[in-house]
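Heads up, the thing below is written out as structure tokens.
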Amino acid sequence: MKAVFKTALFKKNIPLFVMFIPVIAYYLIFRYVPIGGLVIAFQNYNFFDGIFHSPWVGLKNFEQLFSNDKTLHIIWNTLWLSLLNLAVGFPVPIVLALMINSVKRVWYKKLVQTIVYLPHFFSWVIVGGMVTTLFSLESSFLNQWVTSLYGEPYPFLYKEFSWVSIFVVSGIWKEMGFSTIIYLAALTSISPALYEAASIDGASKWRQTWHVTLPGIRSTIILVLILSMGRVLEVGFDQIYNLRNAMVSQISEVISTYIYSMGIQGGQFSLTTALGLFESVVAFIFILGSNLIAKKYDQHLF
């Protein structure tokens, strides 16, 4: 009887399985099959010999990477820019979701959601152009105002401190709407009875937020944080490439731009594959570490 039921259930869900085939194909072709190319990191790869016949060099590429001061500097740039993004940007969607959730007028709530979510659909080419136009030295409205006050424009995009600030803020502005939706969805799972009970006990809005709302979405916050730790060495190539310039190259050269310039443009495929493998291993370690910490509070991902 059980076998008949399972067969009937399988036949009933065949259309769903068929719809899922493109998803499986995508991950197989673009995510899992390319993993085999990591052997290049242990070879002196060249196009003529290919992956299967290029000479093996063992850990020579890794030794060359980590004996180079420039590589260590690039890894440090990537790490601290990513951690800065995480420290400053991670709480913003949570606060924004709490603010939107407290709005009573539905039309206004939807309007705000649309406005903050819209930048997510802009490419970094567009956002980079907007940032450059806003902070350019010669023709920006902002620098015209600065010039009228202080007599000369300020090179926002050519000073390291201001460039880093613009880099972080532009990233938050672009992506905070997408993360906000995740937290808004989590907020809908909190029972209104909890707020009613807290209100009867005399809890203020702040107390309700601290003792009801935040504990209610704690598992979602920890889940997003664990996944974010996996991208701790992944500073987006598009953002960096569209915002950087020669004057801030000391701070804006990161792993992704180094792989692009040395690997794709310079043809050093083995060296940059080794750096990419190192980045993936570090990300894996960070995910495991943050998950172990979350496990102590029974909020782990796996």
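When Ala97, Ala41 are checked against the criterion of being surrounded by 12 or more Cβ atoms within 10 Å (Cβ to Cβ), in contact with a helix residue (DSSP H, G or I) (Cβ under 6 Å, 6 or more places away or on another chain) and over 24 Å from Val282 (Cβ atoms), a single residue qualifies: Ala97. Does the stretch 171-195 hold any residues that are of a type in the set (Val, Ile, Thr) and either farther than 30 Å from Val235 by Cβ or not in a helix (DSSP H, G or I) (or both), and which are they? Selection gives Thr188, Ile190.
I'd like the full set of residues that are closer than 13 Å to Thr78 by Cα and not in a loop (DSSP other than H, G, I, E, B), limited to the stretch 242-255.
The first filter runs over the stretch 242-255 and keeps only residues closer than 13 Å to Thr78 by Cα, leaving 249-255.
Answer for the stretch 242-255, where residues must be closer than 13 Å to Thr78 by Cα and not in a loop (DSSP other than H, G, I, E, B): Ser249, Gln250, Ile251, Ser252, Ile255.
Hey, can you tell me all the residues within the stretch 140-156 that are among the small types (Gly, Ala, Ser) and surrounded by fewer than 15 Cβ atoms within 10 Å (Cβ to Cβ)?
As a first pass, look at the stretch 140-156 and keep what is among the small types (Gly, Ala, Ser): 140, 148, 151.
Hits for the stretch 140-156 are Ser148, Gly151.
The set of residues in the stretch 196-211 that are surrounded by fewer than 12 Cβ atoms within 10 Å (Cβ to Cβ) and not in a loop (DSSP other than H, G, I, E, B) comprises Glu196, Ile200, Trp206.
Name the residues in the stretch 99-115 that are among the β-branched types (Val, Ile, Thr), under 23 Å from Pro192 (Cβ atoms) and either part of a helix (DSSP H, G or I) or in contact with an Asp or Glu (Cβ under 6 Å, 6 or more places away or on another chain) (or both), would you? Ile100, Val106, Val112 - these are the residues of the stretch 99-115 that are among the β-branched types (Val, Ile, Thr), under 23 Å from Pro192 (Cβ atoms) and either part of a helix (DSSP H, G or I) or in contact with an Asp or Glu (Cβ under 6 Å, 6 or more places away or on another chain) (or both). From the residues in the stretch 212-238 that are of a type in the set (A, V, I, L, M) and in a loop (DSSP other than H, G, I, E, B), which one is nearest to Tyr260 (Cα to Cα)? Restricting to residues being of a type in the set (A, V, I, L, M) and in a loop (DSSP other than H, G, I, E, B), the top hit is Val235.
Scan the stretch 116-139 for residues that are of a type in the set (Phe, Trp, Tyr) and not in a helix (DSSP H, G or I) and the total you get is 1.
The residues of the stretch 100-124 that are surrounded by 12 or more Cβ atoms within 10 Å (Cβ to Cβ), in contact with a Gly (Cβ under 9 Å, 6 or more places away or on another chain) and over 27 Å from Glu279 (Cβ atoms), listed by number, are Gln113, Val116, Tyr117.
If you scan the stretch 106-153, which residues turn out to be in contact with a Phe, Trp or Tyr (Cβ under 9 Å, 6 or more places away or on another chain) and small (Gly, Ala, Ser)? Listed by number, the residues that qualify are Gly128, Ser136, Ser140. Contact map, the stretch 196-216: residues that are under 18 Å from Lys104 (Cβ atoms) paired with residues that are not in a helix (DSSP H, G or I), Cβ distance under 7 Å, separation 6+ or inter-chain. Pairs shown: Val212/Ile190; Thr213/Ile190. Can you pull out the residues in the stretch 130-139 that are surrounded by 11 or more Cβ atoms within 10 Å (Cβ to Cβ) and free of Cβ contacts under 8 Å to residues at least 12 places away in the same chain? Met130, Thr133, Leu134 - these are the residues of the stretch 130-139 that are surrounded by 11 or more Cβ atoms within 10 Å (Cβ to Cβ) and free of Cβ contacts under 8 Å to residues at least 12 places away in the same chain. I'm trying to understand the selection: among the residues of the stretch 111-146, which are closer than 24 Å to Lys159 by Cβ, aromatic (Phe, Trp, Tyr) and under 21 Å from the mean Cα position of the chain (by Cα)? Result: Trp124, single match. In the stretch 7-36, the residues that are within 21 Å of Leu277 (Cα to Cα) reach residues that are surrounded by 10 or more Cβ atoms within 10 Å (Cβ to Cβ) with C-beta atoms within less than 9 angstrom, at least six apart or across chains, in these pairs: Gly36/Ile51.
Restricting the stretch 1-38 to residues that are small (Gly, Ala, Ser) and under 30 Å from the mean Cα position of the chain (by Cα) leaves a set whose member that is surrounded by the most Cβ atoms within 10 Å (Cβ to Cβ) is Gly37. In the stretch 224-267, the residue that is surrounded by the most Cβ atoms within 10 Å (Cβ to Cβ) out of those that are in contact with a His (Cβ under 9 Å, 6 or more places away or on another chain) and modelled with pLDDT of 85 or more is Glu253. Taken together, the criteria exclude Ala274 from residues that are among the hydrophobic types (A, V, I, L, M, F, W, C), modelled with pLDDT under 85 and in a helix (DSSP H, G or I).
The values are calculated or read from the model by the stated rules, or taken from the named source; none is laboratory data. Keep in mind that what you see is a predicted model, and the values were worked out from it rather than measured. When we count neighbours, we look across all protein chains shown, and the Cβ atoms used for this are built from the backbone with ideal geometry, even at glycine.
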